[in-house]
Amino acid sequence: MSVDHRAVDQSWLADLRASLADDFAAQTARLRELTELNADTGDPSEAHNQSALLLATRRNIEQITGALSRISEGTYGACQKCRQNIPAERLEVLPHARFCVPCQEKHNK
Ligand SMILES: [Zn+2]
């Protein structure tokens with residue numbers, strides 16, 4: 001048996017793409033809901049909560065679409081800084097990870 005050094009394998013990627021597409025549908029539905037709710041409750045603290053939720057939902061959608069477009073471009077799984085493969089274990093925990101662990105740590109500083 002030969003050892004496969006690719007970070008992610010194709011069937012895993014196909015599953016991931018399907019689950020990201022589901023997530024995307026769920027998050028956009030949620031965004032629509034929040035946008036409609038946002039219509040005017042007249043309560044400032046409520047409005048504040050909703051805008052925080054909206055922001056978080058938008059960010060989720062961005063991360064999902066980013067991961068999906070990297071999958072279709074064929075760059076998924078490569079660190080966007082150092083171009084090394086991100087370990088599959090990291091991608092399983094954080095499917096939309098854009099950086100490997102060392103680059104992510106530098107990025108956070
Ligand atoms: Zn890196």
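A few comments on the model shown:
- Residue ID - farthest from the ligand (Cβ to nearest atom), chosen from residues in region 68-82 that are part of a helix (DSSP H, G or I) and crowded, with 16+ Cβ neighbours inside 10 Å: L68
- Any hit, region 39-56, residues being within 16 Å of the ligand (Cβ to nearest atom), small (G, A, S) and within 22 Å of S19 (Cβ to Cβ): no
- Test: residue in region 39-59 that is part of a helix (DSSP H, G or I), open to solvent by less than 70 Å² (accessible area, probe 1.4 Å) and touching a residue at least 24 places away in the same chain (Cβ under 8 Å): yes
- Within region 83-95, considering residues that are without any contact (Cβ under 8 Å) to a residue 60 or more places away in the chain and closer than 19 Å to S11 by Cα, the one least open to solvent (accessible area, probe 1.4 Å): R90
- Count of region 96-109 residues which are within 9 Å of the ligand (Cβ to nearest atom) and open to solvent by less than 40 Å² (accessible area, probe 1.4 Å): 3
The values are calculated or read from the model by the stated rules, or taken from the named source; none is laboratory data. What you see is a predicted model, and the numbers here were worked out from it, not measured in a lab. Ideal geometry is used to build each Cβ from the backbone, glycine not excepted, and the neighbour counts take in all protein chains shown. Just the protein is used for accessible areas: all its heavy atoms, side chains included, with ligands, DNA and RNA removed. Shrake-Rupley method; radii C 1.70, N 1.55, O 1.52, S 1.80 Å.
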